[in-house]
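Below you'll find the structure, written out as structure tokens, and then a few comments.
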């Protein structure tokens, strides 16, 4: 999870996501669906870059704790506790993304767009896999998903993550984990009102009110949601 204050770039991504989510409620064109996947790729790239910078931050914690273990050691420990919790969430979200694309397309292309497509723009089958998540290598699990063909599939997300009829509640379990992570951040931010406000705005998992009726957060985000919308939502959660 990226965490912290929201950068102008992240605010722009959030706004684009909200606009495209509204459009997905309509019968949208192929161009809009493709644009949504471009947003998803942009979020994934931004998250990768942010995670690389986070490495420098943790290195700074290590250095400070080595110089002054009494004063800086507790902060290093807190930082790594949050990192462990965030890493578990990111891995869980990545598994959900993989399973979503596998359900929609029956195969998943792993790698960047330049890797998985030839000069004509056709997908290279050697980058496709039909394996279940548990059978992937550790490296495959860390590799970005490079394509989604059935972007308008409106069944996969609900069938996998939230279905009252089939009593599927993976999205509910996810919300519980997200709220737990949010509470950990709020605990560490105690006394910093600006940071607390930022966390509450970024990590909002409240239920929605649609046409005067309450709708669960998990239903709002996954039931009858086009696969590309659900995929982008999951990527957005990884970036928080």
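Bear in mind these aren't lab numbers, they're just calculated from the coordinates by the rules spelled out. Note that this is a predicted model, so its numbers are computed, not measured. Positions of Cβ are generated from backbone atoms using ideal geometry, with glycine treated the same way; all protein chains shown enter the neighbour counts.
Rg and Dmax, both from the Cα atoms of the chain and both in Å, are 19.0, 60. Between residue 196 and residue 122, the distance separating the two model label sites (each 7 Å from Cα on the Cα→Cβ line) works out to 6.0 nm.
Relative to the longest principal axis of the Cα atoms of the chain, the long axis of helix 69-105 makes an angle of roughly 0 degrees. Using the alpha-carbon positions of region 59-125, Rg (one decimal) and Dmax (whole number) come out as 20.2, 59 Å. You can think of it this way: the chain between residue 155 and residue 83 has 22.6 nm of extra reach, that is 0.36 nm per residue less the Cα-Cα gap. Each label point was placed 7 Å from the Cα along the Cα-to-Cβ direction; for residue 75 and residue 183 their separation is 2.7 nm. Between the helical axis of 170-188 and the longest alpha-carbon principal axis of the chain there is an angle of about 20 degrees.
Run the helix sum for the chain: -39,500 (n - 2.57) per DSSP H stretch of 4+ residues, divided by residue count, reported at 222 nm to the nearest 500 deg cm²/dmol.
My calculation for the chain gives -21500 deg cm²/dmol from helical runs alone.
Each peptide in 166-172, 33-39 gets a packing score, the mean of other Cβ atoms within 10 Å over its residues, and the list from highest to lowest is 33-39, 166-172. Once the chain from residue 134 to residue 34 is taken as fully extended at 0.36 nm per residue, the excess over their C-alpha distance is 33.1 nm.
If the chain between residue 114 and residue 141 were fully stretched, how many nm would it gain, using 0.36 nm times the residue separation less the Cα-Cα distance? Could you put the intermediate results ahead of the total?
Values: separation 27, 0.36 × 27 = 9.72 nm, distance 1.89 nm.
Value of the extension gain: 7.8 nm.
Summarising the label geometry, the points placed 7 Å from Cα in the beta-carbon direction at residue 167 and residue 205 lie 2.3 nm from one another. Compute the Cα gyration tensor for region 169-240, then decide on rounded, prolate or oblate, letting a ≥ b ≥ c be the square roots of its eigenvalues: rounded whenever a/c is under 1.5, prolate when a/b is larger than b/c in the other cases, and oblate in all that remain. Verdict is prolate for region 169-240.
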